[in-house]
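Following: one structure in structure tokens, then a few remarks.
The values are calculated or read from the model by the stated rules, or taken from the named source; none is laboratory data. Just so it is clear, the structure is predicted and the values come from calculations on it, not from any experiment. Here the Cβ positions follow ideal geometry from the backbone for every residue, glycine too, while neighbour counts run over all protein chains shown.
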Amino acid sequence: MKKLLLSFMAMFLVLGTAMAQDKEENTEPAAFGLQAVTPGDGASVTRVEQVQFIFTKDVTATMPESGIEVKNTETNEVFKLTNLYENEYMPKNYVILQFEQVMAEGKDGKEELVNQVITSPGAYTYTIPAGMIKSADGEAFAEQTFTFNIVGTFPVNGCSPLEASKFEQLELTFSKEIAEVANLSRLYVTDTYYYSPVALVNGYTISEDKKTVTLTLDNAISEEGWYDFSIPEGIFISADGEINAYANFWLNVVDPTPAFMTNLNDGDRVQELGNLQIGFKNVNEVILAEGKEVVAYLPSEGDSKGTATYADGIITVTFNKEFTEEGIYYFVIPEGMFTMDGVPNEERMITVELFTLSITPLAIESVTPGDGEIDQIGRIVVSFNQDIQMAWDKEYQTISKVIYLTDAAGNKIALTENYNPSLSYNQLEYASGSTYAENGWELIVEPITAAGTYTLDLSQIVVNYGKDENWMFNAFNGFCTGTCTWTISGETAVERIEVVTGEQVIYDLLGRRVEKITDAGIYIVNGKKVVIK
């Protein structure tokens, strides 16, 4: 028995050793090669600031003394990659090459060195010489030639639907014919809290006229709330070779359940009390029941019964007493007073305080920029005639967090309310952006520059106002009135900023204030757009 046991143990030992050897023999080290390059080989982009390589292994690189020529094959213009960017925190399998430095005008007219940027349209080519880049174990990267194209951009005109009970498809419209859709994996919808993907775009169809693209989501979005849909540049390529500019849209999933709301909200403090109005959403048919009345209980004693009538989608309740006594009123809407598509309403009690206070009527004093022709729409500041506060709904969500511009074609473009600590208490700022800086509260502005006419309906802005000596707002859900219209005529490039006396306030296209201009591109200097080539 002992011999048999030893025999089995020996057999398993030999088998285990053989398996281990076989495993070692079949395990090959990862091949050394290029994993990714930016800009991608053959990609169409609007500008190139540097070239970035990612390899399958850790690497070392040595820049040739003469640099690497990047040639425009159409104009023969030559740029040079001369700087090898190094950073101790950068992954060791990355190689970043920057262009040679040139003199540029900075703050107060002082010149300084900045890295060159390619923005001139055309097809470009460059070659990485053999042996310039080596893996950590000494294997040389072979000579390889890369190309990219600098092209113009065109806007995404619109996205629909922007509001629905469920999103399964999104339709994008363009003014140019779309010839190709690239990098579909870069399109996805995110939530507005963590900005994590909730649905990916996994398919598309191009319309017969080539100016509409219908995107299919891999996952239907049906949970109520706001979602962000950002479109990076370069996803859509037009028939003339241009690529789409960056665009962003807010999507709102609404509850499809039939519901009713009232013009008086529970907890309101008002200066006048009159009729009670009941409105509806997601309801096709409303039928009033007989023998059911709304009852208003008065502050001191007694009550007042209301007579209900239904017209044009609204129930109006008229009471048999005037409400002039200051204090707390209780309005009770009885269960089954009406049906919504055959379903009886639930009972609801609304508590409202009537008080006396001299409140200045709400008005908008100014909107900056004012009506007229402008270069772009980035930040819009609305100034009121008194201190205000963003209004909120019953779930304590701000009502006017997002408002919309309307272009000449009827497309809606989102503007997001932006926290700006430099504003006064009587001002609100909206910005054309939906992503936030690292601090979590400051919007990264994405200016609207596409030529056209844009109109803002100010009634979208709902605020609380009528602040008293206790810093309380006493008038709720005040709707603004009026419209603003702007015309963007298009860009006018200039070679350099004209130096002016006094302080220069400079913003880049992400809405960040910068001390000086360090690169070519578009900047906002003292409120005016300039283009640095």
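So, PHE260, is that one in a strand (DSSP E or B) and under 18 Å from the mean Cα position of the chain (by Cα) or not? No. Residues in region 364-401 that are among the charged types (D, E, K, R) and either under 20 Å from the mean Cα position of the chain (by Cα) or part of a strand (DSSP E or B) (or both): GLU365, GLU373, ARG379, LYS401. Residues that are at pLDDT below 95 and under 17 Å from ILE287 (Cβ atoms) were ranked within region 311-330; the one that is surrounded by the most Cβ atoms within 10 Å (Cβ to Cβ) is ILE314.
Please determine whether any residue of region 191-202 is under 20 Å from the mean Cα position of the chain (by Cα), among the acidic types (Asp, Glu) and surrounded by 14 or more Cβ atoms within 10 Å (Cβ to Cβ). The answer is yes; a qualifying residue exists.
Just for region 88-105: of the residues that are outside any strand (DSSP E or B) and within 31 Å of the chain's Cα centre (by Cα), which one is surrounded by the most Cβ atoms within 10 Å (Cβ to Cβ)? Applying the filter and picking the extreme gives MET90. Given the criteria in a strand (DSSP E or B), assigned by TED's automatic domain parsing to the domain that holds GLY378, at pLDDT 75 or above and out of contact with any Leu (no Cβ under 6 Å at 6 or more places or on another chain), does LEU428 qualify? Considered against the rule, which asks whether it is in a strand (DSSP E or B), assigned by TED's automatic domain parsing to the domain that holds GLY378, at pLDDT 75 or above and out of contact with any Leu (no Cβ under 6 Å at 6 or more places or on another chain), LEU428 comes out as yes.
Taken together, the residues in region 264-274 that are modelled with pLDDT of 90 or more and either farther than 30 Å from TYR465 by Cα or surrounded by 15 or more Cβ atoms within 10 Å (Cβ to Cβ) (or both) amount to 2.
Among the residues of region 173-190, those that are outside any helix (DSSP H, G or I), closer than 20 Å to GLY40 by Cβ and either under 15 Å from the mean Cα position of the chain (by Cα) or among the aliphatic types (A, V, I, L, M) (or both) comprise ILE178, ALA179, VAL181, ALA182, LEU187, TYR188. When every residue of region 226-235 is checked against the conditions, at least one turns out to be crowded, with 16+ Cβ neighbours inside 10 Å, at pLDDT below 95, among the hydroxyl-bearing types (Ser, Thr, Tyr) and touching a Leu at 6+ places or on another chain (Cβ under 9 Å).
Among all residues of region 453-476, there is none that is part of a loop (DSSP other than H, G, I, E, B), within 21 Å of the chain's Cα centre (by Cα), modelled with pLDDT of 70 or more and surrounded by fewer than 18 Cβ atoms within 10 Å (Cβ to Cβ). Would you confirm, using the coordinates I've provided, whether VAL294 is modelled with pLDDT of 95 or more, of a type in the set (Val, Ile, Thr) and surrounded by 13 or more Cβ atoms within 10 Å (Cβ to Cβ)? Yes; evaluated as a whole, the condition is true for this residue.
Looking at SER165, SER175, just one residue is touching a Lys or Arg at 6+ places or on another chain (Cβ under 8 Å), of a type in the set (Ser, Thr, Tyr), farther than 14 Å from GLY234 by Cβ and at pLDDT below 95, and that residue is SER175.
Residues in region 218-248 that are in a strand (DSSP E or B) and within 26 Å of VAL45 (Cα to Cα): 11 in all.
With respect to the conditions (1) touching a strand residue (DSSP E or B) at 6+ places or on another chain (Cβ under 7 Å); (2) more than 14 Å from CYS159 (Cα to Cα), ASP255 lacks only one, and its number is (1).
Would you confirm whether or not region 377-393 contains a residue that is loosely packed, with under 12 Cβ neighbours inside 10 Å and either in the same structural domain as CYS159 (by TED's automatic domain parsing) or out of contact with any Leu (no Cβ under 6 Å at 6 or more places or on another chain) (or both)? Checked against the condition, which is being loosely packed, with under 12 Cβ neighbours inside 10 Å and either in the same structural domain as CYS159 (by TED's automatic domain parsing) or out of contact with any Leu (no Cβ under 6 Å at 6 or more places or on another chain) (or both), region 377-393 yields no hits at all. Go through region 344-363 and count every residue that is in a strand (DSSP E or B) and either without any contact (Cβ under 8 Å) to a residue 60 or more places away in the chain or surrounded by 15 or more Cβ atoms within 10 Å (Cβ to Cβ) (or both). Here the count works out to 6. Of all the criteria given as (1) surrounded by fewer than 17 Cβ atoms within 10 Å (Cβ to Cβ); (2) outside any loop (DSSP other than H, G, I, E, B), the one not satisfied by LEU405 is (1). Looking at LEU170, is it assigned to a strand (DSSP E or B), over 25 Å from GLY40 (Cα atoms) and touching a Cys at 6+ places or on another chain (Cβ under 7 Å)? So LEU170 fits the description; yes.
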